[in-house]
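Trainee: Pasting in a structure now, in structure tokens, and then I'll have a few things to ask.
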Amino acid sequence: MKEKVSAQSAENKSPLSGRGLGEASDITIIYGIGAGLTNFEGTLIYIDLPKNEIQFRARAGAVCNLGASKPDEIKPMYKRFYFVDWIVLNKHKQSILPKIDIIIDEQRPNEITWMKGSDLRKGLKEISQNVFRVRPWFEPGAWGGTWSFAHIDGLNKNVQNYAWSFELIVPENGLVFESSGYLLEVSFDCVMFQEGEAVLGDAFATYGTEFPIRFDFLDTFDGGNLSIQCHPTKNYTKQYFNEDFTQEETYYILDTKDDADVYLGFQEDIQPGKFERALIKSYQDSEEIDISKYVQKHTANKHDLFLIPPGTIHGSGKNNLVLEISSTPYIFTFKMYDWLRLDLDGKPRPINIQRGMDNLCFGRKGDYVKEKLIAKPVEIESGKDWKLYHLPTHKNHLYDIHRIHLSSEIEILTENKCHVLSLVEGTSIIIETKNGTKQRFNYAETFVIPAAAGSYKIINETGREAWVVKAFVK
């Protein structure tokens, strides 16, 4: 006997409840973004798509915003994704995650992969007890550089540069499952929705399902200066954007060339009104500014750590590979001067002079900058062939930073804290958790040790001393 199938879009204007739906069918399929809200009993299938893939398709005109009938221009569409669509859809995903019967990865339409929801949830629990690395992704930018081309295998060479490596930014990255050569990716926030307390430990009471620390790379090798910018204060972020925490940033200098520098803090004689007028005139008349009249310029050396609490004027100069260690709010960066350059689309990048002025701390100037905003490593513990250094962050940073120097191996307790680590000197290390799981990580790779892992061992595979940076919530 041939089955009768009816299909109904959840976005169709016809009502989904009431008489008529599926009455003459053996199988009824309800599909679309709101399908899980219809309260019909049946198999619940969730199709996931990484945010970087959504952006690629948006640039090709292949997707549009939630509820929209056609694509908008790229930047307005992305802004709406970021501040509306993805927030709404993430809340929906969190609510139905315990009920998903089948999860599908749709980023390769000709190679669809799927798994049972019960296996997904089991996998997320296992991840929350062990070391893991998210799938990074790379993006060109107006100031982007060449370091990534030279040091990271497998990248697409047919782009003009790579400005960013999104190593660990929870709203951006995914977790990849593998079975028999098949790959399936889900968004990172799935593990936070289900296992947030196991991942964060004692920080869960404060941050809940928000993962508070991020690592990413800013590549300006043979590129350009970043914009002169600042991040909003915590109170400003709450008042205007309803976010509970803001971007508390540091620049860890992983590599440099050719007299690299960093712009950080104001000159001693800074006059806020004069600075603002210069910025406005530059924007209105397209005139360059000698920004060093107002902002200090510091020589950048490998393994320096520059501290950028909210409200601090800053920007990386050319020829740095910056490991940006930061808290993880949404994207609230106020660019105040951008060297008069155009974005990759040939249009000016957005400038937010007034919002920047509303947040700048003009007391971070002169000698204060060298004394308080450039970390001075202190050895706090040592063993037979290892040393532990503290790289103190600013009092306004929610996280702290350690650096481990080791020749052979060291065991570390999580003490109910989540650790985010990156190998910043050396070729490769092995991480072994207490349950016997082992995983290799290479130079410049970021990985996470959940609080629930309890302890882990770092094993140096190189013939020379390895250095590992570790960040954790204070």
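Trainee: Which net charge results when you count Lys and Arg as +1 and Asp and Glu as -1 among the other residues whose beta-carbon is under 11 Å from that of Asn301? All intermediate terms of the calculation are to be shown ahead of the outcome.
Mentor: Details: positive: Lys302; negative: Asp255, Asp259, Asp261, Asp304.
Neighbour charge sum, excluding Asn301 itself: -3.
Trainee: Under the 0.36 nm per residue contour assumption, what length would be gained going from the current alpha-carbon distance of Ile380 and Gln271 to full extension?
Mentor: On the way: separation 109, 0.36 × 109 = 39.24 nm, distance 4.02 nm.
Roughly 35.2 nm would be gained on extension.
Trainee: Ok, one more. If you plug each phi of region 443-458 into the Karplus form 6.51 cos²θ - 1.76 cosθ + 1.60 with θ = phi - 60°, what whole-Hz ³J(HN,Hα) values come out, in order, with x for Gly and Pro?
Mentor: Each residue of region 443-458 in turn: 3, 6, 9, 9, 8, 10, 10, x, 4, 5, 5, x, 7, 7, 10, 9 Hz.
Trainee: Another question, if that's okay. Of all the accessible heavy-atom surface of region 358-426, with the other protein chains kept in place and a 1.4 Å probe, what percent is carbon and sulfur?
Mentor: Details: 1540 of 3290 Å².
The nonpolar share, carbon plus sulfur, comes to 47 percent.
Trainee: Starting from the Cα-Cα distance between Ser407 and Gln160, subtract it from 0.36 nm times their residue separation and give me the gain in nm to one decimal.
Mentor: Details: separation 247, 0.36 × 247 = 88.92 nm, distance 3.84 nm.
Stretched fully, the Ser407-Gln160 segment lengthens by 85.1 nm.
Trainee: Quick one: how many lysine pairs does region 88-178 have with C-alpha atoms less than 25 Å apart and a gap of 8 or more or different chains? Give me the count, please.
Mentor: For region 88-178, the number of qualifying lysine pairs is 11.
Trainee: Using DSSP to define loop residues, name the chymotrypsin sites (Phe, Trp or Tyr not before Pro) in region 17-117 whose beta-carbon has at most 15 other beta-carbon atoms within 10 Å.
Mentor: Numbers: sites: Tyr31, Phe40, Tyr46, Phe56, Tyr78, Phe81, Tyr82, Phe83, Trp86, Trp114; in loops: Phe40.
Within region 17-117, the qualifying chymotrypsin sites (Phe, Trp or Tyr not before Pro) (loop, at most 15 other Cβ atoms within 10 Å) are Phe40.
Trainee: Identify all aspartates and glutamates with a Cα-Cα distance to Lys457 below 12 Å; exclude those on the same chain that are fewer than 8 residues away in sequence.
Mentor: List returned: Glu409, Glu411, Glu432.
Trainee: Another question, if that's okay. What full-extension length gain, to one decimal in nm, is calculated for Asp153 and Asn235 as 0.36 nm per residue of separation minus the Cα-Cα distance?
Mentor: Numbers: separation 82, 0.36 × 82 = 29.52 nm, distance 4.19 nm.
Contour length minus the Cα-Cα distance gives 25.3 nm.
Trainee: While we're looking at this one, here's another question. Using θ = phi - 60° and the Karplus relation 6.51 cos²θ - 1.76 cosθ + 1.60, list the HN-Hα couplings for region 400-411 in order, rounded to whole Hz, with x at every Gly or Pro.
Mentor: Computed from phi, the couplings for region 400-411 are 10, 9, 10, 10, 9, 10, 9, 9, 10, 7, 8, 9 Hz.
Trainee: With every protein chain present, what is the per residue accessible area of region 398-458 (1.4 Å probe, Å²)? Mind showing how you got there, number by number?
Mentor: Numbers: 2070 Å² over 61 residues.
So region 398-458 comes to 34 Å² accessible per residue, rounded to a whole number.
Trainee: Quote the FRET efficiency, to the nearest 0.05, computed for Ser69 versus Leu49 with a Förster distance R0 of 22 Å and r equal to the Cβ-Cβ distance. Working shown, then result.
Mentor: Working: r = 20 Å, r/R0 = 0.90.
The pair Ser69/Leu49 has a calculated efficiency of 0.65.
Trainee: So for each of 142-149, 172-179 I average, over its residues, the number of other beta carbons within 10 Å; can you give me the resulting order with the highest mean first?
Mentor: Details: 142-149: 21.6, 172-179: 18.2.
So the peptides 142-149, 172-179, ranked by packing, come out 142-149, 172-179.
Trainee: Roughly what angle does helix 117-127 make with the longest principal axis of the chain, taking Cα atoms, 0 to 90 degrees, to the nearest 10?
Mentor: Taking Cα atoms only, the helix is inclined about 20 degrees.
Trainee: Ordered by packing density, taken as the mean number of other Cβ atoms within 10 Å over each peptide's residues, highest first, how do 296-308, 455-467 rank?
Mentor: Details: 296-308: 19.1, 455-467: 16.6.
Ranked from most to least packed, the peptides come out as 296-308, 455-467.
Trainee: Where in region 380-415 are there trypsin sites (Lys or Arg not before Pro) that are in a DSSP coil and have at most 15 other Cβ atoms within 10 angstrom of their Cβ? Numbers along the way, then the final one.
Mentor: Working: sites: Lys384, Lys387, Lys395, Arg403; in loops: Lys384, Lys395.
Of the trypsin sites (Lys or Arg not before Pro), the ones in loops of region 380-415 whose Cβ has at most 15 other Cβ atoms within 10 Å are Lys384, Lys395.
Trainee: Quick one: putting +1 on the C-beta of Lys and Arg, -1 on the C-beta of Asp and Glu, what dipole do you get for region 22-112 around its Cα centre, in Debye to the nearest 20? Please list the in-between numbers first.
Mentor: Working: 11 positive and 12 negative charges, 129 e Å.
My answer is approximately 620 debye.
Trainee: Quick one: Karplus J couplings for region 42-47, per residue in order, coefficients 6.51, -1.76, 1.60, θ = phi - 60°, nearest Hz, x for Gly and Pro?
Mentor: Using θ = phi - 60°, the values come out as x, 6, 9, 10, 10, 9 Hz.
Trainee: Sequence-distant or interchain residues sharing an amide H contact under 5 Å with Gly145, placed H: which?
Mentor: Result for Gly145 returns Tyr162, Ala163, Asp219, Phe221.
The values are calculated or read from the model by the stated rules, or taken from the named source; none is laboratory data. Because the structure is a prediction, the values reported are computed rather than measured. For neighbour counting, all protein chains shown are included, and Cβ atoms are generated from backbone atoms with ideal geometry for every residue, glycine included. Accessible surface areas use protein heavy atoms only, side chains included; no ligands, DNA or RNA. Shrake-Rupley method; radii C 1.70, N 1.55, O 1.52, S 1.80 Å.
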